[in-house]
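Presented below is the structure to which this report refers.
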Amino acid sequence: MIKPSFKFGVVTLMCFMLVFALSPGHTVKAATKTVPAGDVAALRSYLAGANPGDIIEVSGTYSVSDGTIATSRNGSSGNYITIRGTGGGATFQFTASAGNAAFHIKNSYYKLENVTINSNAKSNKGLLIEASHGYVTNVTVKNTTAEAFKIRKNSQYWLISNSTAQSAGQGGKFGEGFYVGDADQNWTTLPNPDRSGYITFLNCSAIQTKNDGFDFKEGTHHIKVIGSTVDFQNTVPESTVGNNGIFMRANNVQIINTTVKNNAATGQAFRTSKTTASDGVSYGSNLELKNVTVSNIAGAMIYTNYASNKLYTDYTMTGVAGGLYASGSQTATSANPSSFAEMTWSGEGGDTYGF
């Protein structure tokens, strides 16, 4: 009998280990990785090598002078990749052009927590999400040239909570706070719509945005805004683009326990427009306003093209110069608060929140 050599045994063992490591059933153990304060290169390295379940901890201030910070690896169901500000949180200060977005979530199953993204007018968008399944918690985005938070390209199942869009539209034409979808002329697969949806905004604030506080485009659907605030702080939003508290061309939207205030422009607090898009579908229906508050605005509280949209009778309005309905608006269906049922779905943001 010829005995195997030691060399042959080592090679066999190494091959076995390699096959095991690359086998579909093998799971790489999740890790917590701490990024040194200010070390942008280390953050990018951790993002490039992230595995499902990894927690990437950031703290202090990161001065970003070389473009977008972006994800590149997917998490998985129950094993989100988490980017978490620790202690007092982390701030990303952009000091040179970041182009289309300062922070870009391109991959699914992510959590972003306890960070501030200050574009300093160096990017169009602050946080751009083009992926599904995730949570954004305690995130502030400010000083973008366009949208602060943008969710598009069929992104679905997100809970955005306790987050703030501030001073969007610095030096730019557009400046919405929270934006879902894209107008149909910007759909990437015409005439197929951008079907971003199943998104909840919980306890969010849009402060001094140049345009609409929230903007939900045609094709998007199943969106809830709960316990949130739009405060223009008596600045005058850009009327030629949009100056409404919440502007909706989506279907199936619920606005709950939400306030719009201090708008010195002529826009409405809540506006839904019937828009027949390039896919031939008319959008802007199935809107419900539950326990909403509007104060100190120059325009009206509501503009709707659909009489079937619902206004629950527990609304409050004070100092609304334009009255309950804008000129040309349909009259929404009046509804008893006791009949309200909050939308739910299976996935992130699909729970009930206080009802």
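Take every DSSP beta bridge with both residues inside the chain and express the antiparallel ones as a percent of the total, to the nearest 5. Could you put the intermediate results ahead of the total?
Numbers: 4 of 106 bridges.
The antiparallel proportion sits near 5 percent.
Please list, in chain and number order, the residues 5+ apart from Asp314 or on another chain whose amide H is under 5 Å from its amide H, with Hs placed from the backbone.
Distant-sequence amide H within range of Asp314: Asn291.
Hey, got the dipole for the chain? About the Cα centre, +1 on K and R Cβ, -1 on D and E Cβ, debye to the nearest 20? Let's see the in-between values first.
Details: 26 positive and 22 negative charges, 159 e Å.
For the chain, the charge dipole is close to 760 debye.
Rounded, prolate or oblate: which fits segment 53-187, taking a ≥ b ≥ c as square roots of the Cα gyration tensor eigenvalues, rounded meaning a/c under 1.5, else prolate when a/b beats b/c?
Numbers: a/c = 1.69, a/b = 1.13, b/c = 1.50.
Because a/c hits 1.5 or more and a/b fails to exceed b/c, segment 53-187 counts as oblate.
What's the ranking of 103-110, 182-189, 86-93 by average number of surrounding C-beta atoms within 10 Å, highest first? Kindly include the intermediate steps, with their values, before the conclusion.
Working: 103-110: 22.0, 182-189: 14.5, 86-93: 16.6.
Going from most to least packed, we get 103-110, 86-93, 182-189.
Order the peptides 334-341, 312-319 from the highest to the lowest mean number of other Cβ atoms within 10 Å of their residues. Numbers along the way, then the final one.
Numbers: 334-341: 10.9, 312-319: 14.2.
Taking the mean over residues of other Cβ atoms within 10 Å, the ranking is 312-319, 334-341.
Return Thr71, Thr95, Thr220 ranked ascending by Cβ neighbour count within 10 Å, so the fewest neighbours appear first.
On the way: Thr71 22, Thr95 12, Thr220 31.
Least to most surrounded, the residues fall as Thr95, Thr71, Thr220.
Given the -39500 (n - 2.57) contribution per DSSP H run of 4+ residues, what per-residue ellipticity at 222 nm results for the chain, rounded to the nearest 500 deg cm²/dmol?
Values: 2 runs with 26 residues, N = 355.
So the helix-based figure for the chain works out to -2500 deg cm²/dmol.
What pairs in Lys122/Lys210; Lys111/Lys217; Lys224/Lys274 have C-alpha atoms more than 21 Å from each other? All intermediate terms of the calculation are to be shown ahead of the outcome.
Numbers: Lys122/Lys210 16 Å; Lys111/Lys217 24 Å; Lys224/Lys274 19 Å.
Pairs exceeding the cut-off: Lys111/Lys217.
For P(r) over Cα pairs in 20 Å bins from 0, in percent, which listed value, (i) 32, 56, 12, 0; (ii) 24, 36, 15, 12, 10, 2, 0; (iii) 29, 51, 14, 4, 1, comes from the coordinates shown?
Calculated P(r) over Cα pairs in 20 Å bins from 0, in percent: the matching label is (iii).
How much FRET efficiency would the formula 1/(1 + (r/R0)^6) give for Ser346 and Asn100, where r is the Cβ-Cβ distance and R0 is 30 Å, rounded to 0.05? Show your work: numbers first, answer last.
Working: r = 32 Å, r/R0 = 1.07.
E(calc), rounded to 0.05, equals 0.40.
Give me the angle, in degrees from 0 to 90, between the Cα long axis of helix 6-22 and the longest principal axis of the Cα atoms of the chain, rounded to the nearest 10.
10
Can you compute the FRET efficiency between Thr189 and Thr86 using 1/(1 + (r/R0)^6), with r the Cβ-Cβ distance and R0 = 56 Å? Round to the nearest 0.05. Numbers along the way, then the final one.
Values: r = 40 Å, r/R0 = 0.71.
According to the calculation, E is roughly 0.90.
Where the centre of each part is set by its Cα atoms, how far does segment 134-159 sit from segment 56-95, in angstrom?
So the two Cα centres are separated by 14 Å.
All of the numbers you see were taken from the coordinates with simple rules; none came from a lab. Predicted model only: the values in this text are computed from it and were never measured. Every residue, glycine among them, receives a Cβ derived from its backbone with ideal geometry; neighbour counts consider all protein chains shown.
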